[in-house]
Amino acid sequence: MQALLQASGLHVQYPGSQGKAIHALNGACLELRQGEVLGLLGESGSGKSTIAKTLLRLLPATAQLTGDRIEFQGRDLLKLREQEMQKVRGAQIAMIWQDPGQALNPVMKVGDQVTEVMLAHRGWNSRRCRDESEILLGRVQLENPERRIYDAYPHQLSGGQQQRVAIAQSLACEPSLVIADEPTSSLDPETEDEILHLLRAFTAQRKVSLLLITHDPKILIGLASRVAVMYGGRVIEEGPLEQVFQRPNHPYTQALLNCVPPPPGEPKPKSQMGLPTIPGSALDPESVSTGCAFAPRCSQRMEICEVRRPFPVDVEDTSRVECFLHGG
Amino acid sequence: MVVDQNNQQNATQPLLAVRNVTLHYAPRRFFGAARPTISAVQDVSLELFAGKTLALVGPSGSGKSSLARCIPLLEQPSAGQILYRGVNLSTLDRKTLKTVRREIHLIFQDSASALNPRLTLEEILAEPLVIHEAGRTAGTIRKRICEAMEQVELPEKWKSRRPLELSGGQRQRVAIARSLLLRARVLILDEVLSALDLSAQGQIANLLLALQTHHQLAFLFITHDLSMASLLADEVAVMRAGRIVQRGSPAEVFTVNLQSTSSPLLRNSPSRETVPATLISADK
Amino acid sequence: MISKVALRVFHSLLLLLGVSVFAFALLSFAPGNFFDELKMNPQISPETVASLKVQYGLDQPLPVRYVRWAASVAHGEFGYSMSYRRPVASLLWWRARNTLLLATLAMLLAWTIALCWGVLQALHRGGWIDHSSRALTAVLLAMPELLIGLLLLLLAVRTGWFPTGGMTSINPMNTGFSTKLWDITIHLFLPVVALALGAIPVLVRHVRSAMIAVLESPFIEAARGHGIPRWRLIWRHALPAASNSLISLLGFSIGALGSLSLLTEIVLSWPGLGPLVLEGVLARDIHVVMATVMLSSLFLLVGNLFADLLLYWADPRIRAVGP
């Protein structure tokens, strides 16, 4: 499969308190192939949301972005001017946000919000955009026999319905890549299932690549073909999903997967002292360490881990990991 | 009525009992026909014991949070009683109720909005002490705050930080510390882990369990995460459309269908078979 | 919906009643009455003054006087002016029309400028446009409206570009419509600018902060993420979302503008309610003052009702709460 997007060497800094800088991304690299679903797994502070905004160049003015390149469809997105970038957003790369209630304009009809995206990029007249929006809203299974969904306002819809509107917006201009940042975190489990199924169906049907960002490994199963794990602003492990989840190479991945609770009803292991967890907390993003970001919390750390940062190492031809345990 | 101050709990007596509680919402209209009343909670009874956790699970809209608010009488139930240490809370006068309310605490999912963003940690923790225990010296208050922070494993030097400078897990620790300061006996935990990262969930859950053992606290653990409920609870109650439809130990309530793969994670795929039958409904 | 409006109208009427009682009492307690000047005149005997008082009913107790005034209002006469010796109503209407013209135009001008300027400041937050604008609005805010009016008057006198008062300078009988229109416009110019300048500083600050809040909100970021072009983003997406707080401000500014206009009219000699009420106050012509007070209150209440209706129409979330 050929690469759709290749980003490397992304560094993002924000000014922090007392003159120190917050390092949100520390040389992150990402590669997405045509038509695939890549899961980006990370906890708060890992940089997963920052990388999404970085790909779309949506960082606030105070952020400093440096990077080698973000290669997308033959162009380097880092080199584009704002005007050109605005044509990419929504049309070739679209984003679905975490909290749909916040991501939708409260005083605009939901149908109009989908129409707006079409008007910005498609070059159709407003009549056609409106008609196409109605059709699209039907396709994301937003139908109400009593009332036209087009005319509804966001607060009149449930969380799941709002997220469907957001999905419609993202697919309005048939982009090549959709980035979904924690699309189901604010939804209850039943709705979460439905939304994930919808995402999978649409991306498969229209051959759209999907970058699915989440902190919950469980939702990637059955959806993502590959997974990349982020910690401390870098991608520390990536590979095919089954391989990473069954034979994780990086200690952080191992610890994280260990934290996933067993299915309900399984008898609790008597010897276990409480729930598995990762001791300590994520590194303060204001501090910069010369060594591996996970070293302070790693149960398998060696002396070299605190001194130098490991290089990416290929494992089994299909995966990559940044850990001295595997070379680097 | 005098509230029993005796801390020695008879092991068979529930610390807090909910008996046949019903809560109706009747939206009022000034003109025009009255809207139909909504029954958020219908005839619910449950019991919380010291040192034990009851998990309350159910789909969203089933009334779990409404029930949670009824227990410390944040909402007045339309019918039924809340008995704390055998005393009906509605029969208490305001002053006694205020004293009793110290011992029943509600902790929410969204810690960021539960804590005043303008106050430092120290001020947030001092506030309930100042309100409930007027006359304490500043020195005593500071000492109690230090003890509480230690119990929830927050470094003392973070006293001057503000809530938005902390992570979600750290903020939940502050909320728990607040309850400990007032010597709470019953904690109603409404989706307190849901907004946290997986590793933080484990940490906070472990902290809660340790505190429960140490102080013999009773927990009502409200969640939609069935795995967590199964791990943490001694008893599970399933709620749907305002009623309790099933009750029992986690093993009894949840049916399990193990797949024969080695990875624990792949066995966790959200398949319908791991959900209790009562939650799968045709009329979703 | 209708019921809600009816309720508001009912409340407003009650309020007007209360205002009338309060104002009447206050005016009556103020020292002096219409005939004090006459008393000063040695040629008029105290008995004549006393009999004049009886004739005009000023010897009656307060409640009786109030009821008589209220009855007069009900008949459409709005009391009797002792200075002009005719029912107040005949004095009121054409002046009220002039004041309304002035206030409405000033309002439109002030809001148009405030919206554009406020949005500009919000977009260039922290830049030189923002800083210099804030300095300018601070200066305008600090200047009393009286001073603004006088400065403009000075401008008119020195340059001769604008007339220094009145509404028309030509004989309306034998001139064409466009000449009349131009004449009124040129007379309107200074009072409208004076009023607008008094109102703009407060409005522009609110527009700026409302826009800044909206521009930082998640849904605007999401819209940017969809590639919505900048200007459409501002006018079609951001401004409507900011309108909630701005419409509330509209209601307030209508009331403020109403009272501000009276002062400006006096300074710039615009023949509206302002000069009338000044004369009435100086002469202790109670019914004239009462009529002006009631009209101002009415203007305020109608303005607020209008703003509330506008809010109901503009913000779907308020419609959801509804009756």
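Derivation of every value follows stated rules applied to the coordinates shown; laboratory data play no part. The model shown is predicted, which means the values in this text are computed figures rather than measured ones. So basically every Cβ, Gly included, is an ideal-geometry build from the backbone, and we count neighbours across all protein chains shown.
Mind checking the mean number of beta-carbon atoms from other chains within 10 Å of the Cβ atoms in A:58-64? Walk me through the numbers on the way to the answer.
Working: counts 4, 0, 2, 2, 0, 0, 0.
Across A:58-64, the average partner-chain Cβ count within 10 Å equals 1.
For A:GLN18, put the label point 7 Å out on the Cα→Cβ axis and report which residues of region B:161-176 keep their amide N under 13 Å from it.
B:161-162
Determine the equivalent ellipsoid of the protein assembly as shown by diagonalising the alpha-carbon gyration tensor, then write out the semi-axes as square roots of 5 times the eigenvalues, largest first, rounded to whole Å.
Working: eigenvalues 820, 295, 143 Å².
Working from the Cα gyration tensor, I get semi-axes of 64, 38, 27 Å.
How far is it, in nm, from the label point at C:SER83 to the one at C:LEU282 when both lie 7 Å from their Cα along the line to the Cβ?
0.7 nm
With +1 on each Lys and Arg Cβ and -1 on each Asp and Glu Cβ, and nothing else charged, work out how big the dipole of region B:117-182 is about its Cα centre, in Debye to the nearest 20. Let's see the in-between values first.
Working: 12 positive and 9 negative charges, 26 e Å.
Here region B:117-182 has a charge dipole of around 120 debye.
Across the Cα atoms of region C:172-246, what radius of gyration and what greatest pairwise Cα-Cα distance (Dmax) are found, in Å?
So, for region C:172-246, Rg and Dmax equal 20.3, 63 Å respectively.
With no solvent and one point per C-alpha, what does the Debye sum give as log10 I(q)/I(0) for region C:92-321 at q = 0.12, 0.15 Å⁻¹?
Log10 of I(q)/I(0), two decimals: -0.78, -1.07.
Obtain the radius of gyration and the Kirkwood radius of region C:2-88 from its C-alpha atoms and give Rg over Rh.
Answer for region C:2-88: 1.12.
Cut-off is 10 Å between beta-carbons; in what order do A:CYS305, B:CYS146, A:CYS323 appear when sorted fewest neighbours first?
On the way: A:CYS305 21, B:CYS146 14, A:CYS323 25.
Ranking A:CYS305, B:CYS146, A:CYS323 by Cβ neighbours within 10 Å, fewest first, gives B:CYS146, A:CYS305, A:CYS323.
Just want to confirm a number: the relative contact order over region B:117-182, from Cα pairs under 8 angstrom separated by 6+ residues, in percent. It would help to have the intermediate numbers written out before the result.
Values: 58 pairs, mean separation 33.4, N = 66.
For region B:117-182, the relative contact order is 51 percent.
Highest mean first, what order results for B:92-101, C:261-270 on Cβ atoms within 10 Å? Numbers along the way, then the final one.
Working: B:92-101: 13.2, C:261-270: 24.0.
Highest to lowest by the protection proxy: C:261-270, B:92-101.
Would you please name the chymotrypsin sites (Phe, Trp or Tyr not before Pro) within region C:1-106 that are DSSP coil residues with at most 16 other C-beta atoms within 10 Å of their C-beta? Show your work: numbers first, answer last.
Working: sites: C:PHE10, C:PHE22, C:PHE24, C:PHE29, C:PHE34, C:PHE35, C:TYR56, C:TYR66, C:TRP69, C:PHE78, C:TYR80, C:TYR84, C:TRP93, C:TRP94; in loops: C:PHE34, C:PHE35, C:PHE78, C:TYR84.
Here the sparse-neighbourhood loop sites are C:TYR84.
From the phi angles alone, apply the Karplus equation (6.51, -1.76, 1.60; θ = phi - 60°) to region B:140-156 and give each ³J(HN,Hα) in whole Hz, x where the residue is Gly or Pro.
Taking θ as phi minus 60°, the curve returns 4, 4, 4, 5, 4, 4, 4, 4, 5, 5, 5, 5, 9, 6, 9, x, 4 Hz for region B:140-156.
Can you list the residues, at least 5 places off or on another chain, whose amide H is less than 5 Å from the amide H of B:ALA79, using H built in the peptide plane?
Hits under the 5 Å cutoff: B:THR22.
Distance check, please: which entries in A:LYS20/A:LYS53; A:LYS87/A:LYS109; B:LYS95/B:LYS159; A:LYS48/A:LYS79 exceed 29 angstrom between their Cα atoms? Let's see the in-between values first.
On the way: A:LYS20/A:LYS53 22 Å; A:LYS87/A:LYS109 24 Å; B:LYS95/B:LYS159 31 Å; A:LYS48/A:LYS79 22 Å.
Where the Cα-Cα span goes over 29 Å, the pairs concerned are B:LYS95/B:LYS159.
Enumerate the calculated ³J(HN,Hα) couplings along region B:51-60 in order (Karplus 6.51 cos²θ - 1.76 cosθ + 1.60, θ = phi - 60°), each rounded to whole Hz, writing x wherever the residue is Gly or Pro.
Result, rounded to whole Hz: x, 10, 10, 10, 9, 10, 10, x, x, 5.
Can you tell me what the convex hull of the Cα atoms of region B:117-182 projects to on average, as an area in nm²?
Working: hull surface 15.9 nm².
For region B:117-182, averaging the hull's shadow over all directions gives 4.0 nm².
What residues qualify as long-range amide H neighbours of B:GLY86, i.e. H under 5 Å apart, gap of 5 or more or another chain, H built at 1.01 Å from N?
Under 5 Å from the amide H of B:GLY86: B:ALA17.
Using DSSP to define loop residues, name the chymotrypsin sites (Phe, Trp or Tyr not before Pro) in region A:38-145 whose beta-carbon has at most 15 other beta-carbon atoms within 10 Å.
A:TRP124
Any chance you could run the full-extension gain for C:TRP182 through C:LEU17? It's 0.36 nm times the residue separation minus the Cα-Cα distance, nm to one decimal. Working shown, then result.
On the way: separation 165, 0.36 × 165 = 59.40 nm, distance 4.09 nm.
My answer for the length gained is 55.3 nm.
Give me the inter-chain shielding for A:218-224: mean count of other chain Cβ atoms within 10 Å, whole number please. Each step should come with its number before you reach the end.
Working: counts 7, 2, 2, 8, 4, 0, 0.
Counting Cβ atoms of other protein chains within 10 Å of each residue's Cβ and averaging gives 3.
What are the GluC sites (Glu not before Pro) within region C:138-225 that DSSP puts in a loop, where the Cβ has at most 14 other Cβ atoms within 10 Å? Write out the running numbers ahead of the final one.
On the way: sites: C:GLU145, C:GLU216, C:GLU221; in loops: C:GLU216.
Answer by residue number: C:GLU216.
For chain A, what D do you get in µm² per second when you plug the Kirkwood radius from alpha-carbon pairs into Stokes-Einstein at 10 °C and 1.306 mPa s? The partial results should precede the final answer.
Values: Rh = 21.1 Å.
Here the translational diffusion coefficient equals 75 µm²/s.
Put a dot 7 Å past each Cα toward the Cβ at A:ALA201 and C:LEU310; how far apart are the dots in nm?
It is 4.5 nm.
Would you mind working out the magnitude of the charge dipole of region A:100-174 relative to its Cα centre, with +1 at each Lys and Arg C-beta and -1 at each Asp and Glu C-beta, to the nearest 20 Debye? The partial results should precede the final answer.
Values: 9 positive and 9 negative charges, 12 e Å.
In debye, rounded to 20, region A:100-174 gives about 60.
Which ³J(HN,Hα) values, rounded to whole Hz and listed in residue order, are derived for region B:199-207 from phi using the Karplus coefficients 6.51, -1.76 and 1.60 in 6.51 cos²θ - 1.76 cosθ + 1.60 with θ = phi - 60°, glycine and proline given as x?
5, 5, 4, x, 5, 5, 4, 4, 4
For region A:177-240, what's the radius of gyration and Dmax over Cα atoms, in angstrom?
12.1, 35
Counting alpha carbon pairs within less than 8 Å and at least 6 residues apart, what relative contact order, in whole percent, applies to region C:158-311?
Working: 123 pairs, mean separation 39.0, N = 154.
Relative contact order for region C:158-311 comes out at 25 percent.
For region C:91-223, what does the relative contact order come out to in percent, with C-alpha contacts under 8 Å and a separation of six or more?
Details: 98 pairs, mean separation 55.2, N = 133.
Relative contact order, region C:91-223: 42 percent.
If you count, for every residue in A:103-114, the Cβ atoms of partner chains within 10 Å of its Cβ, what is the mean?
Working: counts 9, 4, 12, 8, 12, 7, 1, 0, 0, 1, 6, 1.
Neighbouring Cβ atoms belonging to other protein chains average 5 per residue here.
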